[in-house]
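The structure appears right after this line, and notes come after that.
Readers should treat all values here as calculations from the given coordinates under stated rules, not as data from a laboratory. Worth saying up front: this structure is predicted, and the values here are computed from it rather than measured. Every residue, glycine among them, receives a Cβ derived from its backbone with ideal geometry; neighbour counts consider all protein chains shown.
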Amino acid sequence: MTFGSPRVATLLVLAVLAGCSIPIDESARDLATELPDALLPAASTTTETPAMTETVQIYLARSAGDDRLLLEAVDREIVGDGSITVILDQVLAAPSPAEQDAGVISPFAEGSSVIGTALTDGLLQIHLDSLDGFPQDDSTGNRLAFAMVICTATELVVGAEIDRVVILLDGDDGPAAINVPVSDGDPPEDGSPVECTNYDSFQSENLTDPDNSEPSEDS
């Protein structure tokens, strides 16, 4: 059987489709959203945005050349997360090769890290996992290590009003403040906050300048 013209064939096809209840759109439509997941085109790949770094300052130390150790502010590039913890962890890390070449030193060894920090009304609580990285004797290096942590927190952390610090360690009843050794001023009571002024002897501006010393009464 043949059909007399293409027009007649087209009309017959439309009639068959209509009889089968298959809807016919008057215009083209996008079928992409109706495809099974396995048939969808692969998602476009994008390069992950690199983590943003920022420059912060921390205190390390240097030798004054007369057996004195002084705080030295250095710049560090870090991947910040908005917390003080990341900055203070840098204090506990060893000086970089470039810092060592510049004469920067640190009394810290591996073994200590900052678990977390909490700031309330100018008082910063620094929770350490241990004091294993600190010098273990009652020495200048031991007090310098605390000076680096405390003075970094109170003097160099930008955007935070910190004026005193307590150090916490885990105990049987949870984190508890320890008695922090100081180099200047009265020894604090157990667990009392300390300030950067408790480490004035590690500050370079407190070095005696012979050229500015007062003349003696005999001169």
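Of Leu124, Leu169, Leu156, the sequence from fewest to most neighbouring Cβ atoms within 10 angstrom is Leu169, Leu156, Leu124.
Ranking of Val158, Val166, Val104 by neighbouring Cβ atoms within 10 Å, starting from the fewest: Val158, Val104, Val166. So what does the Cα-only Debye profile of segment 65-157 read at q = 0.18, 0.19 Å⁻¹, as log10 I(q)/I(0), no solvent term? Log10 I(q)/I(0), no solvent term: -0.87, -0.97.
Place a label point 7 angstrom from the Cα of Asp138 along the Cα-to-Cβ direction, then list the residues of segment 181-202 whose backbone nitrogen is under 17 Å away. Only 181-191 fall inside the zone, counting backbone N under 17 Å. Once you have a ≥ b ≥ c as the square roots of the Cα gyration tensor eigenvalues for segment 125-176, tell me rounded if a/c is under 1.5, and otherwise prolate or oblate according to whether a/b is larger than b/c. Oblate, because a/c is 1.5 or more while a/b does not exceed b/c. Each residue, Val79 and Glu161, gets one label point 7 Å from its Cα in the Cβ direction; the gap between the two is 3.3 nm.
Fully extending the segment from Asp67 to Asp184, taken as 0.36 nm per residue of separation minus the present Cα-Cα distance, adds 40.4 nm.
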